[in-house]
Amino acid sequence: METSPLKIYRKLLKHFGKQKWWPAKTKFEVIVGAILTQRTNWINVEKSIERLKEAKKLSIISLATEEKSYIEDLIHSSGFYKQKTERLVLISRYILEKYEGDLHLFFKKSLKEIRKELLSLKGIGPETADSVILYSAEKLILPIDAYTLRVFMRIRGNVGNYNQMQRYLMDELPKEIGVYKEFHAIIVKLGKVYCKKKPRCHLCPLESTCKKGD
DNA sequence: ACCCAGGTGGCCC
DNA sequence: GGGCCACATGGG
């Protein structure tokens with residue numbers, strides 16, 4: 001029975017194949033998706049992103065200046081649409097005002113600085129910040145989501161809080177952006193397919209290591 | 001009619 | 001530090 005994160009990662013890779021995250025065309029689209037998907041099914045997020053694109057509002061300048069009620073309408077399908085509109089507008093205005101609307105300028109800063117600035121924005125918590133840093137800024141940090149905590153809880157028992165889980169996994173995994181990107185994506189894939197409330201452990205690739213139940 | 005989804009902030013102790 | 005709640009839609 002092997003429970004090391006790297007072994008688990010390899011097993012999941014073999015089972016599911018590469019996920020090739022993040023599904024977005026631009027760095028800014030990653031940020032928008034990261035905010036919209038907070039506690040929300042990705043299908044609903046895709047609809048919002050499509051609507052933003054059709055309306056030609058998927059840009060820093062548009063989201064920073066557009067009427068909020070209009071953005072609320074465009075992202076309606078993602079739920080929590082008032083909060084999320086606030087969050088999209090806030091980060092868009094931040095990048096516009098502090099970095100001339102140029103994400104590359106923002107991402108030239110150090111990982112620590114970027115993380116600190118993202119976390120200072122209301123509505124950007126650790127997972128959203130780390131997702132933006134990994135998939136948009138493409139720097140070395142591993143986002144921890146509910147699935148990650150659940151999966152490792154089932155395999156190892158108590159896993160601690162966000163920071164402890166993150167430290168543990170980043171310490172165990174090869175320090176490569178590509179690995180981190182795939183690892184996070186494939187854990188989400190596992191969570192979507194198998195680790196629902198009713199575990200289907202007999203089909204799960206981690207069956208032998210899973211303690212079953214939470 | 002429930003339950004959940006690629007969280008976060010506010011409040012409480 | 002952790003526990004609980006509001007935030008809201010759409011699919012199973």
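Miscellaneous remarks
- Computed from phi, the 3J(HN,Hα) profile of segment A:103-114 under the Karplus parametrisation 6.51, -1.76, 1.60 (θ = phi - 60°) reads 4, 4, 5, 4, 6, 6, 6, 6, 3, 4, 5, 4 Hz, with x in place of Gly and Pro.
- Length-normalised contact order for segment A:47-86 - Cα pairs under 8 Å, 6+ apart - percent: 46 percent
- Length added when fully stretched, A:E176-A:S110, from 0.36 nm per residue minus Cα-Cα: 22.1 nm
- Taken one residue at a time, the phi angles of segment A:74-84 give Karplus couplings (6.51, -1.76, 1.60, θ = phi - 60°) of 5, 9, 3, 5, 7, x, 6, 5, 6, 4, 5 Hz. Gly and Pro are set to x.
- Against the main long axis of the alpha-carbon atoms of chain A, helix A:42-54 sits at an angle near 20°.
- Folded to 0 to 90 degrees: helix A:146-156 orientation relative to chain A principal axis, Cα: 10 degrees
- Gyration tensor verdict on segment A:48-93 (Cα atoms; rounded if a/c is under 1.5, prolate if a/b is larger than b/c, oblate otherwise): oblate
- For chain A, the longest principal axis of the alpha carbon atoms and the long axis of helix A:27-36 meet at an angle near 70°.
- Note: relative contact order over segment A:27-136, using C-alpha pairs below 8 Å and six or more positions apart, is 31 percent.
- Förster radius 22 Å - calculated FRET efficiency between A:E72 and A:K122, Cβ distance, rounded to 0.05: 0.85
- Contour excess over end-to-end distance, with Cα ends at A:W42 and A:F80 and 0.36 nm allotted per residue: 12.3 nm
- Length-normalised contact order of chain A in % [C-alpha pairs under 8 Å, at least 6 apart]: 25 percent
Read-outs: derived from the displayed coordinates by stated rules, not from any lab. The shown structure was predicted, so the numbers you read here are calculated from the model rather than taken from an experiment. Cβ sites come from the backbone with ideal geometry, for glycine too, and all protein chains shown count toward neighbours.
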